[in-house]
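One structure below.
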Amino acid sequence: MPELTEAVRRAGPADAQRFIELTWEFFRGLLRHRGGDLLLAPTEAVFEIDRFTELITDPDRLVLVGTVDDVVVATALAHTEVFADGRELASFDGIYVEPEGRSVGLGQLLATEIEEWARRRGCMGIDGRALPGDREAKAFFETNGYKARFIMMHRELA
């Protein structure tokens, strides 16, 4: 059986439609977990091509695609924010690999690329989020050396 070739690269205009499709798959997966609806609430209701163009040209964002044999099967999005004291923090907005593309190390390649980008920018750290019950996401972060920094609690009032 021939070996698969995995790669990560910056997303470009030609990736817009596939990126949006995979983002919606990622969103649907988040909605299966407690808190997913609140996490997505501030997200634009529709991920449009114009928004994608803004993301890939924003210098404070990194938009990646992951490929297996040159077919896009994964996405990653990260951003940075600057604190009042001038320090910069990077954050994962999301990493998604289609189920058929998992277990080949593509998620790790995406995370490594984001971490290298954050280091080049001089970021003091990088944050990632995992929803309650999303053991896969939690295990991914822990395997890569992440530790809980805070736990957000929520109570519905309605």
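Under the 0.36 nm per residue contour assumption, what length would be gained going from the current alpha-carbon distance of ILE49 and LEU157 to full extension?
On the way: separation 108, 0.36 × 108 = 38.88 nm, distance 3.60 nm.
Here the answer is 35.3 nm.
Relative contact order for the chain: what percent, with Cα pairs under 8 Å and sequence separation of 6 or more?
Working: 206 pairs, mean separation 36.4, N = 158.
Contact order relative to length: 23 percent.
How do 144-156, 118-130, 100-112 rank on mean C-beta neighbours within 10 Å, highest first? Display every interim value, and only then the final one.
On the way: 144-156: 7.9, 118-130: 14.9, 100-112: 17.2.
Averaged packing, sorted descending, gives the order 100-112, 118-130, 144-156.
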Residue separation between THR57 and SER103 times 0.36 nm, minus their alpha-carbon distance, gives in nm 13.5 nm
Checking rank on 62-73, 78-89, with mean other Cβ inside 10 Å and highest first, the result is 62-73, 78-89
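Where Lys and Arg each count +1 and Asp and Glu each count -1, what net charge lies around GLU6 among other residues with Cβ under 14 Å from its Cβ?
Spelling it out: positives minus negatives among the neighbours equals -4.
Each value in this text was obtained by applying a stated rule to the coordinates, not by laboratory testing. Small disclaimer: the values here were computed from a predicted structure and weren't measured. Heads up, the Cβs are rebuilt from the backbone with ideal geometry, glycines too, and the neighbour counts pull from every protein chain shown.
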